[in-house]
Amino acid sequence: MSSPEIASLSWGRMTVRGCPTTYKDCKVWPGGSRTWDWRETGTEHVPGVQPADVKEVLEKGVKTLVIGRGMSEALQVGFLR
């Protein structure tokens, strides 16, 4: 099973093919997607994406992970430093 396709992307708006929800930020994995609420793990532009953000999608069976850095590439990937 593959992850859903990002159908459209613009500033502050993402849609996932086959999903009625419009997201500001989202996580996708084989068979699903959900809102990515940065407050859940303390993600901010700096220090960046947190290990717990990655852990969630890996536990859902992701084999290849793509971490977007945002439209202005301001989001850091803090745990890779």
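Things worth noting here:
- For segment 1-50, a tally of residues being out of contact with any Asp or Glu (no Cβ under 8 Å at 6 or more places or on another chain) and touching a residue at least 24 places away in the same chain (Cβ under 8 Å) returns 17.
- Extreme residue, least open to solvent (accessible area, probe 1.4 Å), among residues of segment 56-79 that are assigned to a loop (DSSP other than H, G, I, E, B), charged (D, E, K, R) and over 16 Å from residue 43 (Cβ atoms): 60
- Of the residues making up segment 3-55, those that are in a loop (DSSP other than H, G, I, E, B), of a type outside the set (D, E, K, R) and either open to solvent by 90 Å² or more (accessible area, probe 1.4 Å) or at positive phi (or both) are 11, 12, 18, 20, 31, 42, 45, 46.
- Residue match in segment 3-22 (condition: touching a Pro at 6+ places or on another chain (Cβ under 7 Å) and at pLDDT below 90): yes
The values are calculated or read from the model by the stated rules, or taken from the named source; none is laboratory data. Everything numeric in this text was worked out from a predicted model, so none of it was measured. With ideal geometry, Cβ positions are generated from the backbone for all residues, glycine too; neighbour counts draw on all protein chains shown. Accessible surface areas use protein heavy atoms only, side chains included; no ligands, DNA or RNA. Shrake-Rupley method; radii C 1.70, N 1.55, O 1.52, S 1.80 Å.
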